[in-house]
Structures are given as structure tokens and as C-alpha cells.
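The values are calculated or read from the model by the stated rules, or taken from the named source; none is laboratory data. The structure displayed is predicted, hence computed values, not measured ones. Here the Cβ is made from the backbone with ideal geometry for all residues, glycine too, and neighbour counts use every protein chain on show. SASA here: full protein model, heavy atoms, side chains in, ligands and nucleic acids out. Shrake-Rupley method; radii C 1.70, N 1.55, O 1.52, S 1.80 Å.
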Amino acid sequence: MVAVESRLEKISETSVRLEVDIGTDDVAHAFERASSDLAESISIPGFRKGKKVPLPVVAARVGWDALAAEAVRTHVGGWFWSAAAERRIRPVVEPSVQWETLPSRGEAFTFTATVEVMPKPVVADWKELEVGVHEPEVPVEAVEAELDLLRASVAELAPVEGRAVVPGDTVVVDIHGDEETGDYVLEVGAGQLRLELEHALIGTQPGETKTVQLEFDGKKSTVRLMLKEIQEKVLPPADDELARTATEFDTIDELRADLEEGLTAQLEDELEVRFREDAIDALANASTLERIEVLVESRARALLGSMLRSLEQRGVPFETYAAATGQSAEQVQERLQAEAERSVKRELVLEAIADQLGLTVEDDEIEELIRGEAEDADDDPDGAVRLIREQGGFPKLREDLRFRKALDVVAAEVKRIPAELAEAREKLWTPEKEKGRSGVKLWTPGSEENP
């Protein structure tokens, strides 16, 4: 995002005027880009198509005024949105942009943009909201699953005869290929081999050989697998002996109790995250948010673009992804649209609360956050702070922390009620629900789908 300087003038409750200054470096960059674009669309004697043409040559061909006009036309939108983001205004239409004179190559540039902005949200009184909260209940099966993982970690391996490989087996396999040769001992399904090779091993009998075609960096390769031996894990019994040898506890009952306590703490954290999301969604639905369609559409396009880029990097067509997830292309887009609307509403309400309460974030709070995350990742805390500051990441983190503080207030001050009560109330019809379908949406517990 371009760093700009601007001055904001409020025309009305829903209209503002921005006077935006663009520095000489950014103007020069715009001229270079415009010159490059124009060079591709016109014929210039002495230069082949696709050959870089010096800017003065392009200017001599089309004229400096035409080049300046192209530079402004292709960049003024980005400059405006950078200024709007810095001033924290939310346009709902494209701006009306004016300027007195076009810039010269080595000069700064100033333009004025008049635009309608989204009305400020009218935030409901969150202290009156009732939000359902779930109590942590750890199933017996979850404790047993954790216990099985512990048993597997100390299990012994025993040879297997009379059956083929299944996931979880440890095998001895002779691998011959262009890049690797020799005997390997590995656990099938643990991700120690490429997926194609692991799939080939499943169902293989000792002494059997399979050939797999792979592709490395666009080149095809043949790999031969010869299974020599299968071993399976023999889990020790879940008894006091396991507790004494594998843990610090003396009895299996003490071990189970500790596992249940750990799972309960983990579940409590997850349920608190869910409660905070439910609380802000409830408040967003109870508040008045007008003319947010432009923001939602922009966010939905950004989410779809990010997904498409991610799929492209993995070589997965969008249609394949949609089919694999059991969705049509339209359903994927509808899901992203709903996600965009939810995130926009959350941000608008949290920003309004932060402004209403005068919440601020100091640099030392941002540094503390960065240092903590760096230490968790075994990175250099001082280096992380310096890097993020140099990359201009402090403003975004400052806003994130403001939102977090606002959400802390909401989560602490809404009325917590049992989830069962919230769900029961949701099933009841009330006149307010009918009113909520036209005009302002009125919140009832459980009315929003959890993310």
C-alpha cells in the first residue's frame, strides 16, 4: 500500500472530501508503469514487440501530457483507497476525483476525492444481550483415544504373517528409483514417503514388488518398491504398569484423570473462542449497519481470489476442489459471501466499540505481542520487532489489538446463559423475530450459524 498524506473534510454525515498528496517517488513509479503499458499497445520504430522502451522515447511518441494522464488514470484509484484506509473511512461508492493540473515526471501530485461513506454503525447495548455458553464435557471416548496414543508411543513391534500392509504398520521396504536406493524402515501413513508410494504399499504382501510412476519437477520417474517385512504395534494393556512406566502416575485411574483434565482445559479454551465469536455476531445482528454491501462484495472477491491463488499454487482446479468438498461452484461462492459478510460486520462493530470506549494500543503492547509469538516460534524477538516495524506492520497489529480489547469488553459484559436455554429460545416464535426480517435485525440466541 502506498504511503500517502491526506486531509479529511467532513461534508455531511455520509459524505467526505479527501485532499491527497502523492510523493515524487510514487509519481515517478506511476510514470514508469504507464510508459511500460503504453509501449505494449503502440508501435515504436526501432523497438521490437515486448522490448523495454525507455520512458523518454514513449513520451516523445505519445506526448508528456498523454503519459501523465495515463499514469494518473491507472493509479489514482489505488492512491485514493490507500488514503481512505489510512483515514479509516469506508466509501460505499467510487469517489469523484478532481485535480488542478497533471503531474510532471519529477514532481509531487495532489488530487481531491469526494465520496459517500458508510454511516457509522449504531451499536446495541451489549450488556443487555444474552449469549449461550456451552459447558465443557469430555466424552469417555476422547480420553480413551488419548490413552491409546500413549500406548502406541511405547508399543513394541512384532512381525506379521499372513496378511497385507495396512495403515499404521511398520514395514521394511527396498526402494529403487532415480533419486533414492536402499532399504527403508518406515511407518505407513505417517507421511514419511510420498503419498503415491504409501498408497502403493497398502495391500502389498511381503515379497511382492510394485512399480510406481512419479513426477519430479515436471520429469517422470519410475520407482520400484519391494516389500520385505511387515511389523505391527503391540499395544501394552491400559493398566497401572503402563501408568508407572510411561508417565509420572502410579495408577491408570490417576492417568485417566490427568488426561481428562487436560482435554477439559483444551475444550474450555475452544469453547471460549466460540463464545466470543457468538457474542460479537449477536451484537452485530442487534446493531444497525447500513450500506455495507460494497465492503462485503470487496471482501468476498478478496477471499475468492486468495482461494484461487492457493489452489493454483497446488495445481488444483477450482472445479476439482468444489467437487472434492461436496459443493457446487455457486455454493462455494455463497459460503465465501457469507464469510465476508460476517467478518465485515464483526470489524465494523468492534471498530465502533473501540472508538466509543476510546481504546488505544501503545507500541510496547505491540512489541510484547510480537516478542511472545517470536519466542513461541523460537525466533529472535528483537529481530522480529525490528523486521515488522521496518515492513510497516505496526498499524495493522495496532488495529488488531484494538479490536481484541473491544471484544474483551463485550465478552466480559454480555449475559452468559446456558446454551440449552439459548437453543430453546431460538425455537420459540416472537413478534420481534418477524420485525427483524424487515429492517433492523433483532438478535435471538443461537440465530447465527457458528463459523
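Worth pointing out:
- Subtracting the Cα-Cα distance of residue 343 and residue 391 from their residue separation scaled by 0.36 nm leaves 14.8 nm.
- Only one residue of 370, 332, 285 has its Cα farthest out toward the positive end of the dipole of segment 267-392, where Lys and Arg carry +1 and Asp and Glu -1 on Cβ, and that residue is 332.
- DSSP bridge pairs, the chain: antiparallel proportion in percent, nearest 5: 90 percent
- Cross-link reach list, aspartates and glutamates versus residue 228, counting only Cα pairs under 20 Å and skipping chain neighbours closer than eight places: 156, 161, 169, 174, 180, 183, 187, 196, 198, 208
- Nearest-ten-degree value, helix 24-41 long axis tilted from longest Cα axis of the chain: 80 degrees
- Helix 252-286 axis, angle to the chain major axis (alpha carbon atoms, nearest 10°): 20 degrees
- Residues 102, 369, 428, sorted by accessible area with the largest first, give 428, 102, 369 [1.4 Å probe; ligands and nucleic acids excluded].
- Cα gyration tensor shape for segment 1-155, rounded if a/c is under 1.5, else prolate or oblate: oblate
- Stokes-Einstein D for segment 258-371, Kirkwood Rh over Cα pairs, 20 °C, 1.002 mPa s (µm²/s): 122 µm²/s
- Principal semi-axes in Å for segment 360-424 [√(5λ), Cα gyration tensor, largest first]: 34, 14, 9
- The helix-only estimate of mean residue ellipticity at 222 nm for the chain, built from DSSP H runs of length n ≥ 4 each weighted as -39500 (n - 2.57), is -16500 deg cm²/dmol after division by the residue total.
- Rounded to the nearest 0.05, the FRET efficiency derived from the C-beta distance between residue 142 and residue 174 at R0 = 51 Å is 0.80.
- Working note: Karplus 6.51/-1.76/1.60 with θ = phi - 60° gives segment 289-306 the couplings 10, 10, 6, 9, 4, 5, 5, 5, 4, 5, 5, 5, 5, 5, 5, 5, x, 5 Hz, where Gly and Pro are set to x.
- Backbone amide hydrogens, once placed in the peptide plane, bring residue 132 within less than 5 Å of 417, 446, excluding anything fewer than 5 places away on its chain.
- The candidates 64, 126, arranged from most to least accessible area with a 1.4 Å probe in the full protein assembly, appear as 64, 126.
- The 3J(HN,Hα) values that the Karplus relation (6.51, -1.76, 1.60; θ = phi - 60°) gives for segment 94-111 are, in residue order, 5, x, 9, 10, 9, 8, 7, 9, 6, x, 8, 4, x, 10, 6, 9, 10, 9 Hz. Gly and Pro appear as x.
- Against the chain, whose longest principal axis is taken from its Cα atoms, helix 394-413 shows a tilt of about 70°.
- Going through (i) 21.5, 65; (ii) 34.9, 104; (iii) 30.7, 89, the figure that equals Rg and Dmax of the Cα atoms in Å as computed for the structure here is (iii).
- Computed with every protein chain present, the accessible area of residue 41 is close to 80 Å² [probe 1.4 Å].
- Within the full protein context, the accessible area of residue 386 is estimated at about 130 Å² for a probe radius of 1.4 Å.
- Rounded if a/c under 1.5, otherwise prolate or oblate - segment 163-296, Cα gyration tensor axes: oblate
- Only alpha carbons enter this Debye calculation for segment 319-370, each as an equal point scatterer, and the log10 of I(q)/I(0) it gives at q = 0.13, 0.21, 0.31, 0.32 Å⁻¹ is -0.59, -0.80, -1.01, -1.02.
- Estimated at the nearest 10 Å², the accessible area of residue 404 is 120 Å² with a 1.4 Å probe.
- When only alpha carbons of segment 262-325 are considered, Rg and Dmax amount to 17.8, 46 Å.
- Reduced Cα scattering model of segment 67-202, Debye log10 I(q)/I(0), q = 0.12, 0.17, 0.19 Å⁻¹: -0.71, -1.10, -1.22
- A Förster radius of 56 Å combined with the Cβ-Cβ distance from residue 192 to residue 15 puts the calculated FRET efficiency at roughly 0.35.
- Once the Cβ-Cβ distance of residue 228 and residue 149 is raised to the sixth power relative to R0 = 41 Å, the FRET efficiency obtained is 0.90.
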